[in-house]
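One structure is given here, and the rest of the page talks about it.
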Amino acid sequence: MAKSNIAIELINVDKHFGAVHANDKVNLSVQSGTIHGIVGENGAGKSTLMSILYGFYQADSGQIKVFDKDFRATSSRQSIEAGIGMVHQHFMLVDNFTVLENVILGSEGGAFITKSLANARIELTRLAKEYGLEVELDIAVEELSVGMQQRVEILKGLYKGAKVLILDEPTGVLTPQESDELFRIFEALKNQGVTIILITHKLREIMNITDHVSVMRAGKMVAHRETSKTNPEELAELMIGRKVLLNIKKSKAKSGKALLTAKNLKIHNEQGLKRVSGVSFEARSGEILGIAGVTGNGQGSLLKALTGILPLSQGSIEIMGETISPKHPFNPKQLRELGVAHVPEDRQKMGMIAEFSASETALLGYHNDKEINQGVWLKRSSVKANCESLMEAFDVRPNDPNLMSSNFSGGNQQKLILAREFERDPEVLIIGQPTRGVDIGAIEFIRKRIIEMRDAGKAIILISVELEEIMSLSDRIIVMCDGEITGMVDAKDANEATLGMMMANALQPQNEQQGVEL
Amino acid sequence: MTRDRRLSWINGLLLPLFNVLTAFLATGIIFLFIGVDPVEATKILIYGALGYDEGLGYTLYYATNFVFTGLAVAVAFHAGLFNIGGEGQAYVGGLGTALVALYINPAMSAWIVIPLAISGGLLFGALWAIIPAYLQAYRGSHIVITTIMFNFLASSLMVYILVNILREVGEMSPESGDFIAASWLPFVHDVFASFGYKIAKSPLNLSILVALFFSAAVWFFLWHTRWGFAIRAAGKSNEAAIYSGIDPKKIIVVTMCISGALAGLVGINELMGVQHRLFLNFNYGYGFGGIAVALMGRNHPVGILIAAFLFGILYQGGAELDFELQNVSRDIVVVMQGLVILFCGGLEYLYKPILVRFLAPVKESE
């Protein structure tokens, strides 16, 4: 099929959304049988570009060639026919269908599916052997681990005849070990002649796995490099257009007394499922305690319990001399009054209200404060002044308190939330995913502010799925897996490999039992 | 003007305007089908509603009811609740008003009786809303379903009470005796007369001032108190509310009480203002009309005042149409109301893309 060795070629592809120039004359050529990385910040246009390839959007102008043939997809079906498969960041799988059923979804081939199921079984067994993608076919997808579900997605693409696989942030939900397994699969696919386009913002992955890398910034393709001839610093600089400090410098922690002591916590989530079983730790003043783990291993519920959103089923939390227990619960308001600030994991849903003005979002949790209330009257002028001072302190742009919260960029929304929580001088800060979906410039700013709070003697608990973030900010690190603490290490002794092992709970028991005092 | 401002103008003013005009256009087409000249019909309707003192009085009297029920729906809406129970809350609220106005010591001054009778309406309206609210907040029964059912319950309850308890001995029709005179709200034409101005008699009474007072109060409460903030926060995002230390369950109960109380004020206009006795179905149609008014008024007190006035015009003008034209019955009002709900509610954003494209396009620089 391929006469030349170019699998996909984009020439001057241009796409506007209203007046937003999402793709500005983008050129890209991907060699067949290679792994090609595309990096860029959030909003750089990577996803738009891939959606054009996958037929979700149509380019305003420009030319696309797939295996030397002109290509213009108006639906994903045409892309599939042209040999393009896509693995989305959020899997497109029907949870209660089996693997086999999921794979034939969209290609059932007639009213009765018995025959296509049988054919698919044969074909999938072959594919699994060829590419080392073993998955049990008759198990419901919801019973599979995230890594396995991803395999199903890849199998789905291959079954439909994909010669080019596009993967959008595939490692966001994986442990480092699962990621390595994924990369091994990439190699196998590549050896069989499949072309892989990897969209990511993790430079480590780009360096480890890709052959070529293209960098996007503000809708433009700014550079193409052979991976072996570049380095992470250069790529980071290309991504944001200036030099960045990826590792924030910080002094040694001067940790003081414990401000928050958690003892044997058991926590059930909103659906009544047990998410945390028997977790103990303490957070000391002047110290950042990082809590690492793959998404969904209990960190989220722990954070909610520490901030009074979820009740404790068992155990106790001592904060600032008060004891929270199942019989003596505290609500978020009471905890705030004790001096506990909370930056929630889900900024969009919990940290702000999209339709509220910035000044009202800046009020969440503090709307009963004396400074802004006079009798029954919530003083609008004070509300505005409060927001203005927060915006100034954290350099929120645009600094307009009347602007709707959803009209700020992710980074600026997060800065406003951090300002709201930091500027009340809390003693304990509980911070979830402080830099998720935030551009690199703001990441630098936010991390510096967190360290400033530490140096001011606050106790900080940081929950993040970004290992890099945990390692660069924390002084001590706890790793959670399946609701339990599977490791506790000093940040200076931590490395990605051991943390990864702990995240998968694959370390030997003696390492697990090293208590709070490590 | 910034783009945000333009957008808020489009959302707040132009969209409802266009939607209402479309509803009227559709009504006009229906008129053509039944062989009525839409232009003539419009003339009759507008003259009947606004052209002379008495007509205007009736229009404002109807509008007063719609302000109460419109505000009731709007307050609940800001907490993310769809209160369909205005009809029943208005009915039972009327009972509260009647009980005070029937049984209070007749020697008491109107300055005491009237506020008490109004409070009776507020209290009973709130009580009728509290059970659905509790069931929604703590048992998860959907408030739309329960409030609809409570409308039927209210209806049966009131028939029972009127027939078996409040009906005067020897009286045939299911209605109470007369309220004590101190509870009567003065008619506007009487008030004017006492200042020497003579205007035509109409049922318009001083409850219109109560309606204006509560419009202002709702506006202040929702946007200028911390409780209003909490209600709006809970209405927009349950999670953000919990995060902020607001208990969404309490918000549901409190908001529905306020909503029910506002609906309960229909009785002061109908009973204390006009009929001076409690009778069957005095609330008929106002609870549901309030939904349309709130939708059209974008759940803002100013919008609700305008929408309620419009509905007053439709009610009064519709009655005139019925009277003047042979092949039009009063039900045409229900048809128009339905069309307004369709275009203001169901097809709310019909014109938005086109208006945004012409009036607030995204600019290159933004």
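A short reminder: the numbers here are calculations on the coordinates, not readings from a lab. These figures come from a predicted structure and were not determined experimentally. Every residue, glycine among them, receives a Cβ derived from its backbone with ideal geometry; neighbour counts consider all protein chains shown.
See the values below:
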{"item": "Leading residue at positive end of dipole, chain B (Cβ point charges), from B:GLY57, B:VAL75, B:TRP184", "result": "B:VAL75"}
{"item": "Over chain B - Rg/Rh using Cα atoms and the Kirkwood inverse-distance radius", "result": "1.00"}
{"item": "Set of aspartates and glutamates near A:LYS370 by C-alpha distance (under 14 Å), chain-local residues within fewer than 8 positions excluded", "result": "A:GLU337"}
{"item": "Spherically averaged projected area of chain A from its Cα convex hull (nm²)", "result": "26.6"}
{"item": "Chain A: angle of helix A:176-191 to the longest principal axis, Cα-based, in degrees nearest 10", "result": "10"}
{"item": "Sorted by Cβ neighbour density within 10 Å, fewest at the top, the residues B:ILE165, B:ILE199", "result": "B:ILE165, B:ILE199"}
{"item": "For the stretch A:132-147, Karplus couplings with θ = phi - 60° (6.51, -1.76, 1.60), whole Hz, Gly/Pro x", "result": "x, 10, 5, 9, 5, 7, 9, 9, 5, 4, 5, 7, 8, 5, 4, x"}
{"item": "Label-to-label distance, nm, for residues given as B:ARG330 and A:GLU237 (7 Å Cα→Cβ offset)", "result": "8.3"}
{"item": "Inter-label distance for B:LEU280 and A:GLU392, nm, one decimal - labels placed 7 Å from Cα along Cα-to-Cβ", "result": "6.9"}
{"item": "Computed [θ] at 222 nm, deg cm²/dmol, chain A (DSSP H ≥ 4; -39,500 (n - 2.57); rounded to nearest 500)", "result": "-9500 deg cm²/dmol"}
{"item": "Helix A:440-455 axis, angle to chain A major axis (alpha carbon atoms, nearest 10°)", "result": "30"}
{"item": "Amide H contacts of A:LEU378 (H built 1.01 Å from N, under 5 Å, at least 5 apart or other chain)", "result": "B:THR225, B:ARG226"}
{"item": "Mean Kyte hydropathy of 0.5 or more with a Cα span along the axis of at least 30 Å, helices from DSSP in chain B", "result": "B:53-78, B:110-134, B:301-324"}
{"item": "Computed [θ] at 222 nm, helices only, for chain B once each DSSP H run of length n ≥ 4 contributes -39500 (n - 2.57)", "result": "-21000 deg cm²/dmol"}
{"item": "Calculated from backbone phi, Karplus (6.51, -1.76, 1.60) coupling profile of the stretch A:10-15 in Hz, x at Gly/Pro", "result": "10, 10, 6, 6, 10, 8"}
{"item": "³J(HN,Hα), Karplus 6.51/-1.76/1.60, whole Hz, each residue of the stretch A:150-157, x for Gly, Pro", "result": "5, 4, 4, 4, 5, 4, 4, x"}
{"item": "Sequence-distant residues sharing a close amide H with A:ILE139 (under 5 Å, placed H)", "result": "A:VAL99, A:LEU100"}
{"item": "Least to most buried among A:GLU484, A:GLU142, A:GLU469 (fewest other Cβ within 10 Å first)", "result": "A:GLU142, A:GLU484, A:GLU469"}
{"item": "Degrees separating the helix A:380-393 axis from the principal Cα axis of chain A, which is the longest one", "result": "70"}
{"item": "Among beta bridges that DSSP assigns inside the protein assembly as shown, antiparallel share in %, nearest 5", "result": "60"}
{"item": "Fraction of the pair-distance distribution of the protein assembly as shown above 43 Å, Cα-Cα pairs, percent", "result": "48"}
{"item": "Footprinting exposure proxy for B:TYR91, B:TYR351, B:TYR197 (fewest neighbouring C-beta atoms within 10 Å first)", "result": "B:TYR197, B:TYR351, B:TYR91"}
{"item": "R0 of 22 Å, Cβ-Cβ distance B:ALA181-B:TYR103: FRET efficiency to nearest 0.05", "result": "0.95"}
{"item": "Diffusion constant of the stretch A:6-240 at 25 °C, which comes from Stokes-Einstein with the Kirkwood Cα-pair radius and 0.890 mPa s, µm²/s", "result": "135"}
